[in-house]
1. Any idea what Rg and Dmax come out to for the range 23-85 if you just take the C-alpha atoms, in Å?
2. By how many degrees, 0 to 90 and rounded to 10, does the Cα axis of helix 173-184 deviate from the longest principal axis of the chain?
3. Quick one: putting +1 on the C-beta of Lys and Arg, -1 on the C-beta of Asp and Glu, what dipole do you get for the chain around its Cα centre, in Debye to the nearest 20?
4. Determine which lysines satisfy two conditions relative to K9: a Cα distance under 16 Å, and not lying fewer than 8 residues away in the same chain.
5. What value in Å³ per residue do you get for the convex hull of the alpha-carbon atoms in the range 78-163?
6. Roughly how big is the range 115-186's charge dipole about its Cα centre, with Cβ charges of +1 (Lys, Arg) and -1 (Asp, Glu), in debye to the nearest 20?
7. Relative contact order for the chain using alpha-carbon pairs under 8 Å, separation at least 6, rounded to a whole percent?
8. Please identify, among K121, K58, K163, the residue showing maximal mean-square fluctuation in a Gaussian network model of the chain using a 10 angstrom Cα cutoff.
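Every number in this text was worked out from the coordinates using simple rules, so none of it is lab data. None of the values given here were measured: they were computed from a predicted structure. Cβ atoms come from the backbone with ideal geometry, glycine included; neighbour counts cover every protein chain shown.
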Amino acid sequence: MIVPKNSKKVFEGVLFDVYQWQQKMYDGSLATFEKVVRKSSAGAICVVENKIVVLQQKQPGRKSAYPSLPGGRVDDGEDVLTAVRRELLEELGYEADDWELLVESFGNSKLYFHDSIFVAKKCRKATEQKLDNGEKFDVESKSFDEWLQLCKDRRFAVPVELKFMMYEALLDESKKEELRKKIFGG
């Protein structure tokens, strides 16, 4: 259950909807509770020749670029794997033979946000980029160790669960090897 059945949508936005409902408190009184529901998104750890593709995103209204993974919003009626495949093709012109879900996050008690990160192995160029009018970025290739260091960058736009996995890998050699195998195989 994302929001209670007795909730009412009080705001519908492009990315965010707001729901409210009356919640019975411990003393018997009622209070208004709210939850924000964001459209789902999906991203890819794109592996090309034992390197990970990282975007240095530039967004209108932001002063500086920030690192991220290829990916974006899941369109209505689209499943997350279809969405991330589409985003990889649009943003990089890449396709991949091997896809595996690495981590999902769902927000918290006040914000529901389904965000999926896949590992896309054996990525290759298939076509030219088809960027949206709000997309502009530089494409970089990082070694696994360089990529892990990105978790220390507050601007790195990935789900917090992925950052935790990356931090664990920096702190624990067995976790590092486990994550390396999930990304590169072997």
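1. 19.3, 61
2. 80 degrees
3. Numbers: 31 positive and 32 negative charges, 105 e Å.
For the chain, the charge dipole is close to 500 debye.
4. K35, K39, K110
5. Working: hull volume 11.8 nm³, N = 86.
Per-residue hull volume (Cα only) is 137 Å³.
6. On the way: 16 positive and 15 negative charges, 51 e Å.
The calculated dipole for the range 115-186 is roughly 240 debye.
7. Values: 354 pairs, mean separation 39.7, N = 186.
This gives 21 percent for the chain.
8. Among K121, K58, K163, the largest mean-square fluctuation in the Gaussian network model of the chain belongs to K58.
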